[in-house]
Amino acid sequence: WTKALELDPSFGPALLERARFYLSALAMGPDQPALRERGERDLQAARSARELEPAALSQLEGMGALGAREYEKAIPAFRRYTDENTWDAAALAMQGAAEYYASRYADAEATWTRVIALEPTPNNYRARGLVRHGLGKYPDAITDYNLGPADATTICDRGAAEQAAGNLDRAIADYSKAVPSARAYNNRGTAHAEKRNYEKAHADFVEAQKA
């Protein structure tokens, strides 16, 4: 892409792919100033590039906004792209992430359902589980977590949904599978406290501080 742009700095397809590379890493990961600067520079150039479809530019705008944590700005930009490119699971996942972080849980649930229809992966099920938890749909969230990754993070997520649904024994069982993480100890402590087992709750809170 860089070589192509050395020959033609306004060549849209090369700007698109290079900007996607920079901005996707920024949108779905921690802030990286160097990537942000490169991505924003390519996005600025793409706005006046040749041979670049409006929907593709809109996707870049969404990625840039998501990376900047401007979720309300990212959502309509992604929608303009995904309405035309309904096959693009990666773009839909970024749209669903923006909707989730903007607390638009109903929209995010619909978007993540579209993602799962295209790519039914464990991570995508976990993402929809988080959204459904936010909606208070705890049994549905638990079902999604059961199809998610078999790791401590997802087990804790499932425990939190069980706890929110009032299934304290199931929640404690899940948290016990996820220790020794600080989150698992802390959450198990809150579940013990709800059961008025304050001695066990205190012991878990102490372990959470150590973890």
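The values are calculated or read from the model by the stated rules, or taken from the named source; none is laboratory data. Note that this is a predicted model, so its numbers are computed, not measured. Don't worry about glycine lacking a Cβ; one is built from the backbone with ideal geometry, like all the others, and counts go over all protein chains shown. Surface areas here come from the heavy atoms of the whole protein model, side chains and all, with no ligands, DNA or RNA. Shrake-Rupley method; radii C 1.70, N 1.55, O 1.52, S 1.80 Å.
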Sort 58-67, 79-88 by packing, meaning the average of other beta carbons within 10 Å per residue, with the highest value first. 58-67, 79-88
Rounded to the nearest Å, what's the spacing between the alpha carbon centres of region 69-95 and region 108-129? Just the number, please. 14 Å
Stretch gain in nm, segment residue 114-residue 69, where the contour uses 0.36 nm per residue and the Cα spacing is subtracted: 13.9 nm
Which number do you get for Rg(Cα) / (2.2 N^0.38 Å) in region 75-211? 1.18
Quick one: of 73/195; 73/137; 73/177, which pairs are farther than 32 Å apart, Cα to Cα? 73/195; 73/177
Probe of 1.4 angstrom, ligands and nucleic acids ignored: what's the accessible area per residue over region 63-154, in square angstrom? 46 Å²
